[in-house]
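The values are calculated or read from the model by the stated rules, or taken from the named source; none is laboratory data. Because the structure is predicted, anything quoted here is derived from the model rather than measured. Positions of Cβ are generated from backbone atoms using ideal geometry, with glycine treated the same way; all protein chains shown enter the neighbour counts.
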Amino acid sequence: MLVEKLLATGQFRLVERRPIEPGSGAQFIVTGSVTRFGFEERNVGGIFASVATMGLLSYKQHKTEVALTARIINAATGEIVASMQSDGGSGKGGGLRIFGMGSNGLGGADVSSSNFRSTAIGQATERAVNELAAKILEKKASF
């Protein structure tokens, strides 16, 4: 997703890591990692809601978070010239559940590659990537 975003700016010429050799023209290498990829589900209403409905009716809130880091490395010297972090979140999902079942049946979800961006984790990832791409673009001006 980050490669797509950086290419779309038209301000970078990107090459694959393997072909980087002397004379490739690569000035900088961007490396990165996913530092958080998490999902949290909370019951809202506390114990009294569960007692009142005997656990048959509940409301759940979802919180999905993704954190990414990136380093920009001078290809000639190996010097790390910039390091940055970005976060993305999504509150997609949750809702009223009856007998433990909500809009996703028994709590399952389809996270195939064809619909990843429409999932909560996909939304959180895309937000983190957008923020990271903006930071890389901002740093580019200082090189």
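Structure above, values below:
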{"read-out": "Among (1) modelled with pLDDT of 90 or more; (2) surrounded by 12 or more Cβ atoms within 10 Å (Cβ to Cβ); (3) of a type outside the set (Lys, Arg) - the single one SER33 does not satisfy", "value": "(2)"}
{"read-out": "Of all residues in region 121-143 being surrounded by fewer than 21 Cβ atoms within 10 Å (Cβ to Cβ), of a type in the set (Gly, Ala, Ser) and in a helix (DSSP H, G or I), the one that is modelled with the highest pLDDT", "value": "ALA134"}
{"read-out": "Considering residues of region 66-114 that are part of a strand (DSSP E or B) and on the phi > 0 side of the Ramachandran plot only, the residue modelled with the lowest pLDDT", "value": "GLY105"}
